[in-house]
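Working notes, structure below.
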Amino acid sequence: MVQYKLYYFNGRGRAEVIRLIFAVAGVEYEDIRISGEDWPKHKASMPLGQMPVLEMDGMKLCQSQAICRLLTNKFGLVGDSDMDKYWCDMFIDMLDDMSKKFPFTEKDEEKKKELLKVFLNVTTPEALLKMEKFYLENNNGEESFLVGKLSAADLVFVTFFDFLVPMKEDILTGVPKLAALYKRIREVPNIKAWISKRPETAF
């Protein structure tokens, strides 16, 4: 049996999709959370001096998206066909484009507040309208997951909006089908169980 160890800070961040993959797959792993104070002692032991890092049978793997692709292919979370895999990647890329517009690096607090307001009230709602259109066309208007059955795209989606919904509770109001999808993903038994027990963290 493969032994997994996941190294990250005590937060959801870039490691949460990996944790959800393990939850959905029902695979055990060691969830190693390194404090900011202890990080300098561990940095040199990480392949790129950053986290998350997944240790798999003693081999340390880096880059969160590459780790996710490895695991979702391994555990069958990319759909059933080549087109399913395309749609899965396409939705993930759309979410990645949205996330890149979040003002993470803005140092000026007043400017960050204004940029965040635009992100939450204009940029993201506009992008979500396009995503909902693709979602409905891809599933013939039926309510399901993003590529029919649960996939990596759904895990990225729920992780992103678990981050945004506390900032703006009604962010999905204008896209009712995606709002229903968000609730549906969170009700998947293994995901619901993980959400109920995961540590409360700042990010």
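The values are calculated or read from the model by the stated rules, or taken from the named source; none is laboratory data. From a predicted model like this one, the values you see are computed outputs, not experimental measurements. All Cβ positions, even for glycine, are placed from backbone atoms using ideal geometry, and neighbour counts span all protein chains on display.
Here is a yes/no grid of residues against (1) under 15 Å from Lys168 (Cβ atoms); (2) touching a helix residue (DSSP H, G or I) at 6+ places or on another chain (Cβ under 6 Å):
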{"residue": "Tyr86", "(1), (2)": "no, no"}
{"residue": "Asp89", "(1), (2)": "no, no"}
{"residue": "Asp96", "(1), (2)": "no, no"}
{"residue": "Phe104", "(1), (2)": "no, no"}
{"residue": "Asp108", "(1), (2)": "no, no"}
{"residue": "Lys113", "(1), (2)": "yes, no"}
{"residue": "Met131", "(1), (2)": "no, yes"}
Checklist entry - Of the numbered conditions (1) more than 23 Å from Thr201 (Cβ to Cβ); (2) within 18 Å of the chain's Cα centre (by Cα), Asn139 satisfies every one except a single condition; which is it? => result (2)
Next on the checklist: Pull out all pairs, ordered by first then second residue, where Cβ-Cβ is under 6 Å, the residues are six or more apart or on different chains, the first lies in the range 79-106 and is at positive phi, and the second is assigned to a helix (DSSP H, G or I).
Outcome noted: Gly79/Lys85; Gly79/Cys88
Checklist entry - Which number in (1) exposed (fewer than 13 other Cβ atoms within 10 Å of the Cβ); (2) charged (D, E, K, R); (3) without any contact (Cβ under 8 Å) to a residue 40 or more places away in the chain marks the one condition that Lys43 misses? => result (1)
Next on the checklist: I'd like to check which helices (runs of 4 or more DSSP H) are fully inside the range 123-203 and have at least 3 residues that are within 21 Å of Ser81 (Cα to Cα) and either at pLDDT 95 or above or assigned by TED's automatic domain parsing to the domain that holds Phe102 (or both).
Outcome noted: 124-138, 152-164
